[in-house]
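First up is the structure itself, then whatever we jot down about it.
Derivation of every value follows stated rules applied to the coordinates shown; laboratory data play no part. None of these values were measured; they are calculated from a predicted model. Because the Cβ atoms are built from the backbone with ideal geometry, glycine has one as well, and the counts that use them run over all protein chains shown.
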Amino acid sequence: MRLHKLFAVITAICCFVGVLSVPLSAEAFIYNRAWERSVKQEVLQESIKRDGLSKDETANAMLNRITGRLLPTVKSKETIDVEYTFFVNQKKTVNAYSAVGGNISVNQGLFDAVGYNEDEVAFIVAHEMGHTQGQHMIKTLNGAIGFGLLAYLYLERNQNTASQLLTAVVYNNIIKKGYGLAHEWDADSRGFHYSAAAGYNPAAGAAAFQRLTEKYGDKNYNLLGDVLLPEEHPSNKQRIAKFMEQTTAYSGNRVSSNGSAVFIMNKPAIKPAKLPTMSSVERSYLITGNLARALHNLKNPVPITVSEGGELFMDKYLIMTVQEGDGDADTLAQSINEAFGVSTI
């Protein structure tokens with residue numbers, strides 16, 4: 001079912017219910033999981049027909065690996081059983097979406113935008129699974145129907161232009177802000193926990209949005225746009241701040257990053273260099289996430305070791321690959337160990 005047809009159905013139902021003057025409670029869901037399951041295949045085929053299937057073998061293999069790790073993790077954490085279908089579509093724009101029925105698609109353009117970084121793609125997929133598990137589409141559709149009934153009754157009694165404009169503004173703010181923003185934050189939170197539990201870098205969300213901010217800028221809207229066309233997503237900066245707050249908590253409040261440096265026990269310990277393919281800020285977030293993952297799983301820090309290839313490890317967990325401009329690998333390892341108060345003897 002195409003999106004415009006879906007909203008036509010919503011409008012028709014709202015008008016029909018309004019004419020009959022039948023009260024609609026907030027709990028009386030018209031759209032539910034049974035309905036989602038019934039339209040799953042139709043929505044999937046429409047999505048593939050509209051967006052196409054990517055033939056990029058690297059992207060498809062990566063998505064298969066990611067879903068292989070995320071699916072059992074999500075199933076163990078959630079009570080709602082969803083039959084998911086994932087595919088990479090041909091669109092070159094930077095996007096991913098969760099459609100009705102557990103159909104999740106990642107644009108080819110997203111893989112390109114994040115440089116095929118698996119941790120970052122994994123967070124995006126986990127975020128979309130968060131939308132599905134949170135039943136955000138169902139709740140939004142039912143919220144739209146509930147508001148549609150109220151708007152119909154209001155406009156029946158107030159048929160002037162000002163009332164119609166006010167109703168449109170309120171509709172935008174309720175549907176886009178009241179539902180969209182709350183759902184985005186919920187999907188972000190779920191995505192963080194899903195991807196981290198599946199073994200991916202817990203700061204991958206911050207790193208992904210940092211990369212996208214550097215390429216496309218942070219979202220910023222003026223007052224008029226905020227009122228008449230409210231933004232349904234948090235800004236990139238807001239999301240990055242939240243992800244890093246969660247990452248610090250995940251580490252037991254032992255590591256953090258301000259973007260320019262990695263802090264250990266509230267003291268700057270690592271200042272990553274900029275790479276041709278990655279900014280120093282994005283690297284800072286990812287290194288912080290690697291430390292957080294190791295600390296979360298090990299409970300207590302153990303000495304950092306250095307491989308022959310200049311990689312720093314905490315036990316089996318890769319913390320960073322030392323690059324030109326980062327400093328000497330052995331010196332960095334010693335600095336980190338001292339920050340944690342870990343003896344190397």
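Points to keep in mind about this one:
- Per-peptide packing, taken as the mean over residues of other Cβ atoms within 10 Å, places 46-53, 318-325, 244-251 in the sequence 244-251, 318-325, 46-53 from highest down.
- Using R0 = 25 Å, the C-beta based FRET efficiency linking Thr331 and Ala249 works out to 0.30.
- For Arg254, distant residues with modelled amide H under 5 Å away: none
- Nearest-0.05 FRET efficiency for Lys77 and Leu275, computed from C-beta distance (R0 35 Å): 0.55
- Loop GluC sites (Glu not before Pro), segment 54-87, which have at most 16 other Cβ atoms in a 10 Å radius of their Cβ (DSSP): Glu78, Glu83
- Over all other residues within a Cβ to Cβ distance under 15 Å of Leu298, the charged ones net out to +3, with Lys and Arg as +1 and Asp and Glu as -1.
- Using the Karplus relation 6.51 cos²θ - 1.76 cosθ + 1.60 with θ = phi - 60°, the per-residue 3J(HN,Hα) values for segment 185-194 come to 5, 5, 5, 4, 5, 5, x, 4, 6, 4 Hz, with x marking Gly and Pro.
- With the simple model of a label 7 Å out from the Cα in the direction of the Cβ, Tyr97 to Tyr116 spans 2.6 nm.
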